1. Out of 544, 560, 588, I need the residue that is over 29 Å from residue 488 (Cα atoms) and either in contact with a Ser or Thr (Cβ under 7 Å, 6 or more places away or on another chain) or outside the structural domain of residue 67 (by the TED database) (or both). Which one?
2. Looking at the range 29-66, which of its residues are open to solvent by 10 Å² or more (accessible area, probe 1.4 Å), assigned to a strand (DSSP E or B) and touching a residue at least 40 places away in the same chain (Cβ under 8 Å)?
3. Could you list, in sequence order, the residues of the range 534-553 that are open to solvent by less than 50 Å² (accessible area, probe 1.4 Å) and assigned to a helix (DSSP H, G or I)?
4. Quick one: which of 560, 588 is among the β-branched types (Val, Ile, Thr) and free of Cβ contacts under 8 Å to residues at least 60 places away in the same chain?
5. Residue by residue through the range 571-597, note down the ones that are surrounded by 12 or more Cβ atoms within 10 Å (Cβ to Cβ) and either modelled with pLDDT under 80 or charged (D, E, K, R) (or both).
6. Kindly list the number of the only condition in (1) open to solvent by less than 20 Å² (accessible area, probe 1.4 Å); (2) under 25 Å from residue 400 (Cβ atoms); (3) touching a Gly at 6+ places or on another chain (Cβ under 9 Å) that fails for residue 339.
7. Among the numbered criteria (1) at pLDDT below 90; (2) assigned to a helix (DSSP H, G or I); (3) farther than 22 Å from residue 74 by Cβ, which single criterion is violated by residue 475?
Amino acid sequence: MSMRIPQEKIEEIRKSQDIVDVIGDYVQLKKQGRNMSGLCPFHGEKTPSFSVSPDKQLYHCFGCGAGGNVFSFIMEIEGVSFVESVGKLAERAGIPLPEAAGQTPENSKEQRRTRYWVEAHKLAAKLYQHVLLQTDEGKEAKQYLEERGFDEETIKEFQLGFAPDSWDFLTSFLSKRNYNMDEMIEAGLLARRDFDGKPFDRFRGRIMFPIWDRKGQTVGFSGRVLGSGHPKYMNSPESDLFNKSQLLYAFNRARPSIRKKNEVILFEGYADVISAYRVGIGNGVASMGTALTDRQIKMLKRNADKAVLCFDFDDAGQNATYKNAEMLESAGMNVRVAKLEEGLDPDDYINRHGGKKFKEEVLEGSLTLMGFKFRYFRKGLNLQDEGDQIEYVEKMLSEVSKLNRAVERDHYIRQLAEEFNLSLDALKQELIQIYKRRKKGRKDEPAERKPERKRLSVQAGKRLLPAYANAERFLLAHMLQDAEVAFRVQEKLGASFNIDDYHAIAAHLYSYYGEGHLSLAGFIEQLSDEGLKRTVSELAMMTINVELSEQELNDYIKQILNYPKRLEIERMKQEMKASRDPNEAAVIAKKISEMEQQLKNSLLT
């Protein structure tokens, strides 16, 4: 559990740090009007769309939507928590933090224990690397790694090591440094003998791959046996420090590249990640098992929109590819699958064919997810057999029917028709039937008479927005700059914003100003929702008139209040068309006419 820092101290730290100076340590900024601009550090771009406001102490990228205050920037760029970002900026400003502020004795003990375990893991990693590089016991392991293409620079970069085939090598080392053996057993570095309860080395005769958390701290190990022993790989046991479901191998070092390229390459093995890194591929990570967890998928989705799966070509690897690809696509990611030769894993391929060919033929030549499925579902079928052929075509039609875009569906059913010499019209009819059966199986959602607030993209620069949405944007932009405007809007409009995010921002803003706060950067800080923070930063960076006239204010409010009425008119028009009773239709038409006249009159006043 992280410590609680007094709000006054957070405000002191924020005010002590000019956001231009902080961001300038990471991004080359140039003066552009009242703001500073540069290339966004969170996604790849050639034309600057990243803007920093010295006046408002905010940043916003008009390309990817990243935005916030100085704490938000450090959290994003360093991949740290809020408390850690405060700590980094406090250190930069020379402001001491009350380390025990708000901590209970239990929390403090928990943190001390975590630091103790991390220190022990860090020491073990250094010891294992020393053995690998500097001792006779590590020669065979070093030779093995060199044959795999891992030079000394790579070994040091990834902190690889070797655990000697000894029962007490690490045990004795830690004991001499007064580490508590019970704690080291619980931390997963050591194990306990059943017959006498004494500690012994968990990892023996293995090449050691340190596992890091998102902060780059060693929290566990994976040991690969040197020789023919079993299991081939052995991981640290689950503990309070090491939780496989929350970790991705090398994510801490790959994250900046993932964000920059907006793409992650998911490998199956640690050696694959390292080999890819050697040839200039820095956005690769590996899962800690064959199947991704929900937590790992969220980690990937927060940092990239695209994923390329590069697993082994064997049955286990392809099954894992299919399962993970389905989950990533369901999470909203654009998924592709790398094409590997049968019998080669990525590490083997790079060593045999080189990095250039791996990039061009395996990664750049990757398949769409549907293209992969066309290959995957052939497994175990004899497509010369009529029964297997029909089974395959039916399965692929079912998969194609799930595609959202008509052009994709057309492309793949043409592919099926050509390969199996089938009628395109027949396949289209079958596809329609599958789609109808799927649609029939869904429960119809009840129609709502009352218009609901909309979920609408607030990236206004990407497309034209309707009048009511623009009115809400400009109104909020003025409210963020001037508390008096916010109070006027609260009196006239209240919470009647139509877009969910804007409705939430207005509610937070009324409360914030009502408590006597005025700082815009402070307002962003107290928002817990990252999406709202980005939206506020975008709205706050909009160019608006300094003064908001009463006429302009009223025009915005009319657009906002009239939108639900327009929705109701559209609903009534549909109801009138569906009515089979001429008298009922006439009554509805009269109501529509009255409402339209009221709308027209409201715009004239």
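The values are calculated or read from the model by the stated rules, or taken from the named source; none is laboratory data. From a predicted model like this one, the values you see are computed outputs, not experimental measurements. Here the Cβ positions follow ideal geometry from the backbone for every residue, glycine too, while neighbour counts run over all protein chains shown. The protein model used for the area step is the full one, side chains on, heavy atoms only, and it has no ligands, DNA or RNA in it. Shrake-Rupley method; radii C 1.70, N 1.55, O 1.52, S 1.80 Å.
1. When all the criteria are applied, what remains is 588.
2. Matches in the range 29-66: 35, 51.
3. 535, 536, 537, 538, 539, 540, 552, 553
4. 588
5. Matches in the range 571-597: 571, 573, 575, 579, 584, 591, 596.
6. (1)
7. (1)
This table checks each residue for (1) within 20 Å of residue 282 (Cβ to Cβ); (2) in contact (Cβ under 8 Å) with a residue 60 or more places away in the chain; (3) out of contact with any Phe, Trp or Tyr (no Cβ under 6 Å at 6 or more places or on another chain).
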residue: 292; (1), (2), (3): no, no, yes
residue: 300; (1), (2), (3): yes, no, yes
residue: 316; (1), (2), (3): no, no, yes
residue: 332; (1), (2), (3): no, no, yes
residue: 353; (1), (2), (3): yes, no, yes
residue: 401; (1), (2), (3): no, no, no
